[in-house]
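Student: Mind having a look at this structure? Questions to follow.
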Amino acid sequence: QVQLVESGGGLVQAGGSLRLSCAASGRTFYGMGWFRQAPEKEREFVAAVTWSLGSTSYANSVKGRFTISRDNARNTVYLQMNSLRPEDTGVYYCAAASIGIPTTTRGTEYWGQGTQVIVSS
């Protein structure tokens with residue numbers, strides 16, 4: 001049974017930092033990543049990484065502020081979020097795919113349960 005378990009969300013002031021973690025179990029993936037969904041908005045891609053080489057991809061809105069990384073030994077993906085802005089507020093979902101990296105909702109096979117991030121101004 002595949003499980004993606006996120007942690008690390010919370011409330012932070014604008015300009016602050018948070019680190020999200022996603023622990024995967026049940027199988028291996030080609031790529032993992034993060035999406036977010038703000039209230040009344042569609043789920044959007046944030047960042048992704050290939051499991052083997054560690055190649056990364058980012059949404060333009062987070063480039064230079066967020067960093068995705070993985071720890072192969074712990075089957076865990078991280079999202080370091082710096083210089084947070086109120087518009088970064090939302091539920092952050094861990095995503096995984098066995099073919100390609102998860103940069104679209106259609107291309108994502110597995111989802112975590114989500115972790116809330118709130119950035120206050």
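Student: What residue, of GLY100, GLY64, GLY114, GLY90, is in contact with an Asp or Glu (Cβ under 8 Å, 6 or more places away or on another chain) and at positive phi?
Tutor: None of the others qualify; the one that does is GLY114.
Student: Let me ask another. Give GLU87, GLU40, GLU6, GLU109 a once-over and let me know the one that is charged (D, E, K, R) and either open to solvent by less than 20 Å² (accessible area, probe 1.4 Å) or within 13 Å of the chain's Cα centre (by Cα) (or both).
Tutor: Answer to the check: GLU6.
Student: Being at pLDDT below 95 and buried (at least 21 other Cβ atoms within 10 Å of the Cβ) narrows it down to one of PHE29, PHE35, PHE45, so name that one.
Tutor: PHE29
Student: Another question, if that's okay. Considering only segment 57-80, I want to know if a residue exists there that is touching a residue at least 60 places away in the same chain (Cβ under 8 Å), out of contact with any Cys (no Cβ under 7 Å at 6 or more places or on another chain) and surrounded by 13 or more Cβ atoms within 10 Å (Cβ to Cβ).
Tutor: So far as segment 57-80 goes, yes, one or more of its residues are touching a residue at least 60 places away in the same chain (Cβ under 8 Å), out of contact with any Cys (no Cβ under 7 Å at 6 or more places or on another chain) and surrounded by 13 or more Cβ atoms within 10 Å (Cβ to Cβ).
The values are calculated or read from the model by the stated rules, or taken from the named source; none is laboratory data. Here the structure is a predicted model, which is why all the values come from computation and not from measurement. With ideal geometry, Cβ positions are generated from the backbone for all residues, glycine too; neighbour counts draw on all protein chains shown. Ligands, DNA and RNA are stripped out before the accessible areas are found, and what is left, the full protein with its side chains, is counted by its heavy atoms. Shrake-Rupley method; radii C 1.70, N 1.55, O 1.52, S 1.80 Å.
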